[in-house]
Amino acid sequence: MVNQNDIEKNIKTFAELGDILRQAFAAGKSYLADSAYLYYINEIQYLIKNLSIYNSWFIEDFVIKAITNIANLLTYENLTKWISVYESDFNKPHYKNKRVGVIAAGNIPLAVFHDFLCVLITNNIFVGKLSSKDDKLLPFIAEIIGKLDPELRRNIIFESANLKNIDAIIASGSNNSARYFKAYFGRYPNIIRKNR
């Protein structure tokens, strides 16, 4: 069973992350000088300006739009309302903290963020294999989470090799990738996404 206090703490952490990300792209930035998170705000702005070096599709305006949309969802009210629909599931006896392997697509900036949020907010362990086309933003967000809540940061693992020691899998990719994922990870509880 999941401790409801842990869920509440995770909601507050992600809401604070949303505040930081919104501040990074706010129109009037004069109030940022007093922010305890000015370093992270400056770093994410710098990172976004340079992402197109690693992925030419990650144009600065598009990345800002993706992050801003995510940030606008990460409010205490939104997260509380969303998670309340699932609260009864957390009290089932078979529910335990799981190591959830997540294989990320790299076609849009932070395509994996929703999976990341779902795994962590429910106090599970995110074991991520990121696409080489989008492997900069999420580790940086994990760094911010580490500043906000070091205990939650311990639930974030990035793997460069094969995913091992997992209890479940979430994978996104092409139709061909989905066939591979199904064959390789079919023995685990899974969500496998392919082309629409």
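The values are calculated or read from the model by the stated rules, or taken from the named source; none is laboratory data. Worth saying up front: this structure is predicted, and the values here are computed from it rather than measured. Every residue, glycine as well, gets a Cβ built from its backbone with ideal geometry; the counts of neighbours run over all protein chains shown.
Things to note:
- Single residue of 35, 30 found to be at pLDDT below 85 and surrounded by 13 or more Cβ atoms within 10 Å (Cβ to Cβ): 35
- Residue count for the range 126-156, restricted to those that are farther than 25 Å from residue 194 by Cβ and not basic (Lys, Arg): 15
- Test: residue 105 is among the hydrophobic types (A, V, I, L, M, F, W, C), within 22 Å of residue 70 (Cα to Cα), part of a loop (DSSP other than H, G, I, E, B) and in contact (Cβ under 8 Å) with a residue 40 or more places away in the chain: yes
- Inter-residue pairs, beta-carbon under 7 Å, first in contact (Cβ under 8 Å) with a residue 60 or more places away in the chain and among the aromatic types (Phe, Trp, Tyr) and in the range 173-196, second buried (at least 16 other Cβ atoms within 10 Å of the Cβ) and part of a loop (DSSP other than H, G, I, E, B), 6+ apart: 181/173; 188/166
- Every condition in (1) under 22 Å from residue 75 (Cβ atoms); (2) part of a helix (DSSP H, G or I) is met by residue 126 except one, and the failing one is (2).
- Residue 85 meets each of the listed conditions (1) in contact with a helix residue (DSSP H, G or I) (Cβ under 9 Å, 6 or more places away or on another chain); (2) loosely packed, with under 14 Cβ neighbours inside 10 Å apart from (1).
- Looking across the range 119-135, the residues that are under 16 Å from residue 7 (Cα atoms), touching a Phe, Trp or Tyr at 6+ places or on another chain (Cβ under 9 Å) and not hydroxyl-bearing (Ser, Thr, Tyr) come down to 119, 120, 121, 123, 126.
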